[in-house]
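Asks: I have a structure here, written as structure tokens, and I will follow up with some questions on it.
The values are calculated or read from the model by the stated rules, or taken from the named source; none is laboratory data. As the structure is a computational prediction, the values presented were derived from the model and not from experiment. As a convention, Cβ positions derive from the backbone with ideal geometry for all residues, glycine included, and neighbour counts pool all protein chains shown. What goes into the accessible areas is simple: the full protein's heavy atoms, side chains included, and nothing from ligands, DNA or RNA. Shrake-Rupley method; radii C 1.70, N 1.55, O 1.52, S 1.80 Å.
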Amino acid sequence: MNSIANQNQQVQSFPLPWDRFWARCIDLFIHYLILFLIILISIFLGVSSYISELSPNSKIVLIIAWAIISAVFIIYEFVFLSIFGATPGKFLFRIRITENDGNKLSISKALKRVLYVFCFGHYLFMFQEIFLIAYFFSGRYYKKTGKFRWDKASDSMASQGLLTPLRRKYLILLAIFCITLRL
């Protein structure tokens, strides 16, 4: 019984928006690592030679690149949210995504949430660093409603375990390091 009471004391109802931002920075770094591995594998398999035969100014190359980037983001988010309830960045910040009743997200709600994050949180990855602008506008929506659009659309909520100030500082430094490595 005592452990249940301790668990309830260690969870705050809503994570800080900045903690969610820093967690997203770590996740985007992992996302780019996955893309890098895909590029290495495609070079090894010879797929890149087919793409290099296309005209460098060809719009098809941009469409293929955008489709791969988008697919990796959507699959990454969906797999981690539907199985674990948190992406690696959220896990480090002790952020959990659940349904409003506290249960694990259903597959349909996880997919809906991921698509809303993709559309409203990253504006379809039109530019590499657009997520900073997207989070500014999403933060304004959060201040008005108390939820991000993707949480509201998927009937989900984010909860966060307590972080020590030292752990938060180290994680923020890790997120800043991830941002600088991506540049």
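Asks: Any idea which of (1) open to solvent by 60 Å² or more (accessible area, probe 1.4 Å); (2) at pLDDT below 90; (3) out of contact with any helix residue (DSSP H, G or I) (no Cβ under 9 Å at 6 or more places or on another chain) is the one Ser159 doesn't satisfy?
Replies: It is condition (1) that Ser159 fails.
Asks: Here's a check for you: in the stretch 80-108, which residue that is more than 20 Å from Lys169 (Cα to Cα) and assigned to a helix (DSSP H, G or I) is least open to solvent (accessible area, probe 1.4 Å)?
Replies: Ranking the candidates gives Leu81 first.
Asks: A further question follows. Can you tell me which residue within the stretch 29-62, out of those that are of a type in the set (S, T, N, Q), modelled with pLDDT under 75 and in a helix (DSSP H, G or I), is surrounded by the most Cβ atoms within 10 Å (Cβ to Cβ)?
Replies: Here the residue is Ser48.
Asks: Right, next: Would you tally the residues in the stretch 77-108 being over 19 Å from Tyr32 (Cβ atoms), among the charged types (D, E, K, R) and without any contact (Cβ under 8 Å) to a residue 60 or more places away in the chain?
Replies: Of the residues in the stretch 77-108, 3 are over 19 Å from Tyr32 (Cβ atoms), among the charged types (D, E, K, R) and without any contact (Cβ under 8 Å) to a residue 60 or more places away in the chain.
Asks: Is it true that Phe118 is over 22 Å from Leu173 (Cα atoms), within 12 Å of the chain's Cα centre (by Cα) and at pLDDT below 85?
Replies: Spelling it out, Phe118 is indeed over 22 Å from Leu173 (Cα atoms), within 12 Å of the chain's Cα centre (by Cα) and at pLDDT below 85.
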